[in-house]
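Working notes for the structure below.
The values are calculated or read from the model by the stated rules, or taken from the named source; none is laboratory data. Just so it is clear, the model here is predicted, and its values are computed rather than measured. With ideal geometry, Cβ positions are generated from the backbone for all residues, glycine too; neighbour counts draw on all protein chains shown.
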């Protein structure tokens, strides 16, 4: 999931390496360490200043209640079922989780763009790289959850502020 989020953020999923290595697997540890080192060298230094907003939005997404709750419920819902007794297959659950991960990341990007001074839908779209329609749709959700507010019209365009 974190790799998917890093990919969405434009950071790249290959910047995160996960491997299970037992203390009895010295050779395997060496192979993993060499592989990670080679990958890091090939990718070059991460420009954290250029990706500041994306990194912050990714962190906010992983810290957010929605994603944490869904991840925590996955095993229960896929093995025992939801509150209605319906068992979900893992693939369907993970597709929904991916959609929500993307939505929460994009909402956090929009929120951060507004905090940084973008007020109109077009400005937010330009700052985040999201389509105008998507920004408009997610702004409605951000308003509903009291994270942003409509502040009025500026030059015949709706303007928003972060709360």
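Set side by side, the residues 55, 112 differ, and just one is in contact with a helix residue (DSSP H, G or I) (Cβ under 8 Å, 6 or more places away or on another chain) and either surrounded by 10 or more Cβ atoms within 10 Å (Cβ to Cβ) or touching a residue at least 40 places away in the same chain (Cβ under 8 Å) (or both), which is 112. Identification of helices (runs of 4 or more DSSP H) wholly contained in region 48-163 with 1 or more residues that are in contact with a strand residue (DSSP E or B) (Cβ under 8 Å, 6 or more places away or on another chain) and within 25 Å of residue 10 (Cβ to Cβ) yields 90-115, 121-128, 132-144. Scanning region 3-49 for residues that are more than 30 Å from residue 108 (Cβ to Cβ) and surrounded by 12 or more Cβ atoms within 10 Å (Cβ to Cβ) returns 21, 25, 28, 29, 31, 32, 33, 35. Residues in region 6-35 that are assigned to a helix (DSSP H, G or I), under 27 Å from residue 102 (Cβ atoms) and either free of Cβ contacts under 8 Å to residues at least 40 places away in the same chain or in the same structural domain as residue 104 (by TED's automatic domain parsing) (or both): 7, 13, 14, 15.
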